[in-house]
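The values are calculated or read from the model by the stated rules, or taken from the named source; none is laboratory data. Keep in mind it's a predicted model, so treat the numbers as computed, not measured. FYI the Cβ positions are ideal-geometry reconstructions off the backbone, even for glycines, and counts take in every protein chain you see.
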């Protein structure tokens, strides 16, 4: 038992070391860019309202962390992050869920999916963010639903289009095999079409995870409650408090990257067989 | 070859198949095909590209419908036979479902057909042992070589014990050595199971080595040139390919195919 535990611990540290080696160039580049940024601002004496030093942004961020943790105080930055996160997440959930659902329904009848696809592809190239002021009128400028609606519409179309493609672009011989088994449509859907669509769906979800945060923050630029990242950035920027604006940009990036990682993790769990994930983890 | 002494598995009378009928691109894929296959017989369809050998196999398997003629499988219409799950199919590509493990791939037809779980697993295990992949049940298709994938595909086709095995150039993508080994394994499986096998191939040596009868076909329009009987004794093994009778048969089929090709060349020369 002890031996086995020791061996398990040994492989764990070995794994950790291998991963660190794998990611070390990435980490080195990140650290290098931040250092370069810091030195360029110092050497060329760039005004803080044009480009604040990373150290200044980090100091402002730590100040907000202290405020957030202190009892009785509030940090608008963290409240904004929470609010924007929920807008993006809600929109992502509704839009992607709706896209997958509509794709499942329309792909049941070839005629319906063929009739709707051109509209979906056309709608996908419309700059939907331009509807943000209209959504503000519909739902109310301070209602998170106005931002969720924008995010949901933005992510709906790519998700639907990709899902329909994945459900319909099935290998002809795999379909013939099902035909030779005299399989029911439900069997073909669950055993062939849906597994075939998973890689398509996940590539859409990865794009949607980034789009949802862009959609939420940009929609907030058109107006929203004080405690949202988009409003925070516009207000602090117009007050020339650029370090604060940059902390909000940083938070938006962190949320965006986490979204993406969660989608990646789900992908790894649900389709470990896929080419892109073989031999990892 | 008297029809009354044995059961007829496949009967084709006056089969025509025209693709895109009535349009400018109309192609006569098969013309006046007559063929009788006894139950338990191993038949090869051989011929140059465009001779309709795959089309004929697909007609038997009810993947497409004939334009004219009568086709019966075990005394039934092909559509009925398909609904009765009489067909096991193997294509040139192994066509495994990459998201399923080897055993789950073999179990797929059984799942679709509603077999209970314990029986699914037992059958998959037995089939995989027959194709000598008993140690690979939990592997995924991408972890197997091309020959191993094709063996999984054969195990999957046999899992639900269909009456007829339809094989469309199943070893066409394999190297010569692997192909000869797969030929031996397929013969062994055929003798164990007694299935009726329709085997489409480009390879003369493969057709002669495997089958009871070799159906030689020629293109434009696709038709049967000759049906060559094959009396090479069973069991056949590596030495069979050294038998003079084997070489005579190979030469005979090659000559027949050359005639079919020669006709083709002189026709196209004549057209400019």
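Tabulated values for the structure
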item: Residue list for the stretch B:111-128, restricted to those being part of a helix (DSSP H, G or I) and facing chain A (nearest Cβ under 9 Å); result: B:111, B:112
item: Residue match in the stretch A:203-223 (condition: more than 12 Å from chain B (Cβ to nearest Cβ) and either touching a strand residue (DSSP E or B) at 6+ places or on another chain (Cβ under 9 Å) or modelled with pLDDT under 90 (or both)); result: yes
item: Check on residue A:52, closer than 20 Å to residue A:252 by Cβ and more than 24 Å from the chain's Cα centre (by Cα); result: yes
item: Wholly enclosed helices (runs of 4 or more DSSP H) of the stretch A:125-202 bearing at least 2 residues within 14 Å of chain B (Cβ to nearest Cβ); result: A:172-180, A:185-188
item: Test result for residue B:151, within 14 Å of chain A (Cβ to nearest Cβ), crowded, with 24+ Cβ neighbours inside 10 Å and over 11 Å from the mean Cα position of the chain (by Cα); result: no
item: Single condition residue B:70 does not satisfy, out of (1) surrounded by 15 or more Cβ atoms within 10 Å (Cβ to Cβ); (2) closer than 17 Å to residue B:11 by Cβ; result: (1)
item: Residue check for residue A:78: more than 30 Å from residue A:167 (Cα to Cα) and surrounded by 15 or more Cβ atoms within 10 Å (Cβ to Cβ); result: yes
item: Residue match in the stretch A:211-232 (condition: under 30 Å from residue B:99 (Cα atoms), assigned to a helix (DSSP H, G or I) and under 15 Å from the mean Cα position of the chain (by Cα)); result: yes
item: Matching residues in the stretch B:248-272 - criterion: being touching a strand residue (DSSP E or B) at 6+ places or on another chain (Cβ under 9 Å), within 17 Å of residue B:50 (Cα to Cα) and modelled with pLDDT of 65 or more; result: B:256, B:257, B:259, B:260, B:261
item: Residue check, residue B:101 within 11 Å of chain A (Cβ to nearest Cβ), in contact with a helix residue (DSSP H, G or I) (Cβ under 9 Å, 6 or more places away or on another chain), within 23 Å of residue B:182 (Cα to Cα) and modelled with pLDDT under 95; result: yes
item: Residue list for the stretch B:83-95, restricted to those being more than 9 Å from chain A (Cβ to nearest Cβ) and under 17 Å from residue B:124 (Cα atoms); result: B:90, B:94
item: So residue B:40, is it away from chain A (no Cβ under 14 Å), surrounded by fewer than 22 Cβ atoms within 10 Å (Cβ to Cβ) and within 16 Å of residue B:224 (Cα to Cα); result: no
item: Residue in the stretch A:96-108 that is outside any helix (DSSP H, G or I) and over 21 Å from residue A:237 (Cα atoms) present; result: yes
